[in-house]
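The values are calculated or read from the model by the stated rules, or taken from the named source; none is laboratory data. Here the structure is a predicted model, which is why all the values come from computation and not from measurement. Cβ sites come from the backbone with ideal geometry, for glycine too, and all protein chains shown count toward neighbours.
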2 protein chains.
Amino acid sequence: MCQLLGMNCNVPTDIVFSFTGFAMRGGHTDTHHDGWGIAFFEGAGVRHFVDHQAAIASPVAELIKRYPIKSRNVIAHIRKATQGQVALENCHPFVRELWGRYWVFAHNGDLKEFHPVLTGSYRPVGCTDSELAFCYLLQELHARFGDAPPALPQLHAALAELLPSIAAHGTFNMMLSSGEALFAHCSTSLHYLVRQHPFPTAKLSDEDLSVDFSQVTTPQDRVAVIVTQPLTTNEQWTAFAPGELKLFVDGMVQDTPVA
Amino acid sequence: MCQLLGMNCNVPTDIVFSFTGFAMRGGHTDTHHDGWGIAFFEGAGVRHFVDHQAAIASPVAELIKRYPIKSRNVIAHIRKATQGQVALENCHPFVRELWGRYWVFAHNGDLKEFHPVLTGSYRPVGCTDSELAFCYLLQELHARFGDAPPALPQLHAALAELLPSIAAHGTFNMMLSSGEALFAHCSTSLHYLVRQHPFPTAKLSDEDLSVDFSQVTTPQDRVAVIVTQPLTTNEQWTAFAPGELKLFVDGMVQDTPVA
């Protein structure tokens with residue numbers, strides 16, 4: 001299995017603190033040493049870093065921990081291979097373009113007997129069930145909405161319909177973003193919190209590091225952090241229910257779409 | 001205008017030496033300071049780094065100069081904006097998937113009155129003529145070959161037919177790779193050389209740096225370097241003719257396809 005980390009904010013925010021704790025699980029405080037990756041949206045553009053080395057040993061991960069890239073939507077992943085060999089093309093997150101936007105996707109879990117029919121518009125490059133699910137998802141969204149991208153509530157409703165058919169094949173904790181918002185779906189384990197004024201001092205559970213967020217934020221800032229297992233020991237994390245899909249916009253959880 | 005750098009080799013090779021000289025042109029020895037990018041194939045996977053900062057000031061470029069990522073196909077670009085604002089989504093190289101492979105593309109030049117009809121399978125995320133040309137090119141390759149990827153000679157012949165129709169709109173120096181080979185097309189300025197046994201000591205023209213390649217290679221290694229303007233002062237670079245398309249495989253120039 002793997003672990004996921006996502007961030008959705010109302011202003012561009014750096015993820016150095018959360019990523020530092022998360023990356024420790026890539027071979028140090030946990031056994032996810034079969035590669036890692038992170039994607040940051042900056043406007044419509046994406047910075048995409050993947051590495052098949054363990055996150056704790058990776059010079060690229062070291063860069064991310066030192067270089068405060070500011071972004072409103074970030075998805076990161078550390079991998080413990082279950083399907084697909086340890087290779088760069090199997091590292092999450094995956095990136096594809098749909099409707100003139102980049103889409104970023106990462107998955108934690110394992111899908112069995114999952115053989116969707118692909119029409120050819122999106123094909124996996126590597127050999128993971130995860131990239132296959134991502135290609136299928138974009139294909140189905142394109143089939144449903146054609147060349148006109150839907151508004152967020154319609155997209156939310158479409159995903160709420162589509163995701164259970166994939167999740168029926170096994171464990172499907174996943175995150176998806178096109179830079180505008182972040183969707184997170186839980187099969188077995190996802191937690192989130194929203195940091196906002198008055199900002200706390202947060203203490204990482206995986207490394208001896210604390211940050212007083214009130215010193216590095218304005219009262220208007222709002223940051224949602226979504227992760228497989230809580231990253232800090234002194235904040236209140238909310239667990240997702242199994243089967244739950246949440247949409248985060250501007251650092252806030254949105255309401256469930258009306259069916 | 002911009003500058004391009006490509007590398008195609010028969011064994012995974014690091015591009016640190018060539019990139020170090022090339023990156024100096026990103027704001028130091030030349031004025032290409034509106035972003036830069038580089039993509040390395042590793043097997044079927046791609047490491048893709050883009051930055052809208054000048055290459056000489058970019059922490060990510062610093063990482064590339066220090067971290068010897070080994071690859072058989074690399075495409076790099078430093079940008080001086082002519083069309084499209086300075087933004088991450090306008091930085092080359094661009095990456096898309098076709099036939100279950102990633103394709104990497106970078107362009108130097110300026111296209112005028114270029115308004116191809118896009119069917120929706122590939123749409124630009126940014127606002128450059130370059131990304132538009134790339135989307136059009138992949139769309140046309142897919143239209144020509146369907147879901148079955150062609151062999152290299154057929155692909156070479158198809159590009160030899162398609163590229164002049166784009167180049168007719170202006171300057172279209174470009175590089176394209178799907179990790180198997182590297183195509184380079186010249187409108188106005190491209191040069192290449194093949195480094196092989198006996199390897200020389202090469203001296204950069206943009207920085208006071210030399211490398212004795214015989215110390216870091218085996219006699220079987222072969223490396224083609226393709227660049228807008230020659231990178232070294234003591235090697236023989238061959239200029240492309242205007243309108244010329246060259247295919248590099250395993251560090252060697254291939255013959256022109258039979259029409």
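Filter the range B:70-92 down to the residues that are hydrophobic (A, V, I, L, M, F, W, C) and under 12 Å from the mean Cα position of the chain (by Cα) and list them by number.
B:VAL74, B:ILE75, B:ALA76, B:ILE78
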Inset, instruction - Among the residues of the range B:215-233, count how many are within 20 Å of B:ASN10 (Cα to Cα) and either in contact with a His (Cβ under 9 Å, 6 or more places away or on another chain) or crowded, with 18+ Cβ neighbours inside 10 Å (or both). - result: 11
Legend entry - Residue that is surrounded by the most Cβ atoms within 10 Å (Cβ to Cβ), among those in the range A:14-40 that are of a type in the set (S, T, N, Q) and within 16 Å of the chain's Cα centre (by Cα): A:SER18
Legend entry - Top-ranked residue in the range A:105-134 [being hydrophobic (A, V, I, L, M, F, W, C), within 12 Å of another protein chain (Cβ to nearest Cβ) and touching a His at 6+ places or on another chain (Cβ under 9 Å); ranked as surrounded by the fewest Cβ atoms within 10 Å (Cβ to Cβ)]: A:LEU132
Legend entry - Count of the range A:198-214 residues which are surrounded by fewer than 18 Cβ atoms within 10 Å (Cβ to Cβ) and in contact with an Asp or Glu (Cβ under 7 Å, 6 or more places away or on another chain): 2
Inset, instruction - Return the total of residues in the range A:142-156 being more than 13 Å from chain B (Cβ to nearest Cβ) and in a helix (DSSP H, G or I). - result: 6
Legend entry - Search result, residues across the range A:103-131 that are touching a helix residue (DSSP H, G or I) at 6+ places or on another chain (Cβ under 8 Å), touching a residue at least 60 places away in the same chain (Cβ under 8 Å) and either under 27 Å from B:ARG123 (Cβ atoms) or in a strand (DSSP E or B) (or both): A:TRP103, A:PHE105, A:ALA106, A:HIS107, A:LEU111
Inset, instruction - May I ask you to verify whether B:ALA23 is within 14 Å of chain A (Cβ to nearest Cβ), over 24 Å from B:GLY170 (Cβ atoms), touching a strand residue (DSSP E or B) at 6+ places or on another chain (Cβ under 8 Å) and in a helix (DSSP H, G or I)? - result: no
Inset, instruction - Determine which member of the set A:ARG47, A:ARG72 is of a type outside the set (Val, Ile, Thr), assigned to a strand (DSSP E or B) and without any contact (Cβ under 8 Å) to a residue 60 or more places away in the chain. - result: A:ARG47
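Table: residues versus (1) within 14 Å of chain B (Cβ to nearest Cβ); (2) assigned to a loop (DSSP other than H, G, I, E, B); (3) on the phi < 0 side of the Ramachandran plot; (4) free of Cβ contacts under 8 Å to residues at least 24 places away in the same chain.
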{"position": "A:ALA158", "(1), (2), (3), (4)": "no, no, yes, yes"}
{"position": "A:LEU176", "(1), (2), (3), (4)": "no, no, yes, no"}
{"position": "A:PHE183", "(1), (2), (3), (4)": "no, no, yes, no"}
{"position": "A:SER214", "(1), (2), (3), (4)": "no, no, yes, yes"}
{"position": "A:ILE226", "(1), (2), (3), (4)": "no, no, yes, no"}
{"position": "A:ASN234", "(1), (2), (3), (4)": "no, yes, yes, no"}
{"position": "A:GLY243", "(1), (2), (3), (4)": "no, yes, no, no"}
{"position": "A:PHE248", "(1), (2), (3), (4)": "no, no, yes, no"}
Inset, instruction - Among the numbered conditions (1) out of contact with any helix residue (DSSP H, G or I) (no Cβ under 9 Å at 6 or more places or on another chain); (2) within 23 Å of A:THR29 (Cα to Cα); (3) assigned to a loop (DSSP other than H, G, I, E, B); (4) touching a residue at least 24 places away in the same chain (Cβ under 8 Å), tell me where A:ASP208 comes up short. - result: (4)
Inset, instruction - Name every residue in the range A:41-62 that is touching a Leu at 6+ places or on another chain (Cβ under 9 Å) and either crowded, with 19+ Cβ neighbours inside 10 Å or among the aromatic types (Phe, Trp, Tyr) (or both), in order of residue number. - result: A:PHE41, A:GLU42, A:ALA44, A:GLY45, A:VAL46, A:ARG47, A:PHE49, A:VAL50, A:ASP51, A:HIS52, A:VAL60
Legend entry - Residue ID - modelled with the lowest pLDDT, chosen from residues in the range B:79-97 that are crowded, with 20+ Cβ neighbours inside 10 Å and among the aliphatic types (A, V, I, L, M): B:LEU88
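Which residues, counting only those in the range A:234-248, are surrounded by fewer than 17 Cβ atoms within 10 Å (Cβ to Cβ) and at pLDDT 90 or above?
Within the range A:234-248, A:GLU235, A:GLN236, A:TRP237, A:THR238, A:ALA239, A:ALA241, A:PRO242, A:GLY243, A:GLU244 meet the criteria.
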Legend entry - Selection count, the range B:70-99, where residues are within 11 Å of chain A (Cβ to nearest Cβ), within 15 Å of B:LEU5 (Cα to Cα) and out of contact with any helix residue (DSSP H, G or I) (no Cβ under 8 Å at 6 or more places or on another chain): 2
